[in-house]
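Right, one structure below, let's go through it.
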Amino acid sequence: MLREGGIAEHRLVEAADMLVLHTTAVAAEEANRAAAGQDSDRVKRALAAVSGDRFPVVAALVRQGMFAGDDHDDDARMRRSLDVILDGITANQSC
């Protein structure tokens, strides 16, 4: 599919490796959260309480709604992250 999507031959292995690495990491993250019985609301509250003076980037992400999604938004998050990876691969094919 990568080849059909226009990925240059010399980038195919690297692209496939990045996609497998990312999807494996996301699956591990989700499995660890489930196994630990992690309370995502507690995590969201903690992030919302972060000091904007001490952690301006995290505070800005909270203000922009980065951590506001419900627990059922994992599919949308995965699609967005794969889009970013694929955009980067296609933008840097000459490297």
- On average, how much accessible surface per residue is there in the chain, in Å², for a 1.4 Å probe, leaving out ligands, DNA and RNA? 75 Å²
- Carbon plus sulfur, as percent of the 1.4 Å-probe accessible area of segment 1-64, comes to 59 percent
- Query: Which order do peptides 81-89, 50-58 fall in by mean Cβ count within 10 Å, highest first?
  - Reply: 81-89, 50-58
- Query: Which entry is the computed Rg/Rh (Cα atoms, Kirkwood Rh) for this structure: (1) 0.95; (2) 1.08; (3) 0.98?
  - Reply: (2)
- Item | Stretchable slack from V20 to V50, in nm (0.36 nm times residue separation minus alpha-carbon distance) | 7.5 nm
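The values are calculated or read from the model by the stated rules, or taken from the named source; none is laboratory data. Everything quoted here is computed from the prediction, not taken from an experiment. Cβ sites come from the backbone with ideal geometry, for glycine too, and all protein chains shown count toward neighbours. Surface accessibility is based on the protein's heavy atoms, side chains included, excluding ligands, DNA and RNA. Shrake-Rupley method; radii C 1.70, N 1.55, O 1.52, S 1.80 Å.
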